[in-house]
1. Residue-wise, which Karplus ³J(HN,Hα) couplings in Hz belong to the stretch A:4-18, taking 6.51 cos²θ - 1.76 cosθ + 1.60, θ = phi - 60°, and x for glycine or proline?
2. Pop the C-beta distance of A:Arg104 and B:Ala3 into the FRET formula with R0 = 22 Å and round what comes out to the nearest 0.05.
3. How large is the charge dipole for the stretch B:4-111, taken about the Cα centre, if only the Cβ atoms of Lys, Arg (+1) and Asp, Glu (-1) carry charge, to the nearest 20 debye?
4. For a quick protection proxy, order the peptides A:17-26, B:86-95, B:6-15, A:51-60 by their average other-Cβ count within 10 Å, most packed first.
5. Averaged over its residues, how many other protein chain Cβ atoms are within 10 Å of peptide A:58-67's Cβ atoms?
6. Please list B:17-26, B:42-51 highest first by mean number of surrounding beta-carbon atoms within 10 Å per residue.
7. Determine the distance separating the Cα centre of the stretch A:1-39 from the Cα centre of the stretch A:43-76; give it in Å without decimals.
8. Quick one: if you stick a label point 7 Å off each Cα along the C-beta vector at A:Lys15 and A:Val54, how many nm between them?
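A short reminder: the numbers here are calculations on the coordinates, not readings from a lab. Every value quoted in this text rests on a predicted model; they were computed, and no experiment measured them. Virtual Cβ from ideal backbone geometry, glycine too; neighbours counted across all protein chains shown.
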Amino acid sequence: QQQVKQSPQSLIVQKGGISIINCAYENTAFDYFPWYQQFPGKGPALLIAIRPDVSEKKEGRFTISFNKSAKQFSLHIMDSQPGDSATYFCAASSNKLIFGTGTRLQVFP
Amino acid sequence: DTAVSQTPKYLVTQMGNDKSIKCEQNLGHDTMYWYKQDSKKFLKIMFSYNNKELIINETVPNRFSPKSPDKAHLNLHINSLELGDSAVYFCASSQAGNSPLHFGNGTRLTVT
């Protein structure tokens with residue numbers, strides 16, 4: 001119940017394409033859903049977050065889509081750039097943050 | 001100014017030794033955490049302290065002991081190191097409740 005399942009494990013996208021990463025959860029007590037971006041040798045950094053009272057949140061090229069009934073949420077990166085190449089983690093929280101298993105995104109020019 | 005800083009960045013040691021990792025945050029946050037990231041990049045919470053009080057203690061061997069001398073510092077002491085302890089350990093901080101975590105850049109621990 002505490003798990004957050006993330007897919008795909010790795011993703012290769014051409015520059016300018018759309019990157020989509022999906023997550024699913026079971027625990028209906030989760031009420032905060034952030035996405036973190038991690039570059040090699042660095043700690044994860046918050047990218048964008050959503051609460052379950054909205055179905056979508058957009059910040060620049062990054063959009064979270066949230067489906068409460070399906071207990072799923074996804075990250076869309078529009079116009080993907082080589083600088084977006086990193087590992088992305090979804091997460092969910094009620095009283096503690098549980099991370100998904102990570103997606104390694106590679107964007108090729 | 002580094003918001004969450006941890007030292008050392010790299011730690012190579014032999015099995016059976018005792019080692020410590022230090023963490024400091026200058027963000028004025030009330031809550032600090034230790035996370036472990038294994039070779040497959042899985043990030044798992046180990047401990048959480050709020051204002052020097054332990055509030056989350058996941059299933060972690062007793063060989064791991066966190067210590068928070070004040071709310072800006074959270075250190076991790078590890079006794080009798082084992083090969084399986086090799087990982088990257090991240091310190092993080094946040095305000096109370098569901099607010100963003102700010103991570104340090106990690107300490108890569110290698111046990112030989």
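1. 10, 9, 10, 8, x, 6, 9, 8, 10, 9, 7, 3, x, x, 9
2. Values: r = 25 Å, r/R0 = 1.16.
Computed FRET efficiency for A:Arg104 and B:Ala3 comes out at 0.30.
3. 240 debye
4. Top of the packing list down: B:86-95, A:17-26, B:6-15, A:51-60.
5. Average per residue, whole number: 0.
6. Listed from highest to lowest mean packing, they are B:42-51, B:17-26.
7. Going from one Cα centre to the other spans 9 Å.
8. Between A:Lys15 and A:Val54, the label points sit 3.2 nm apart.
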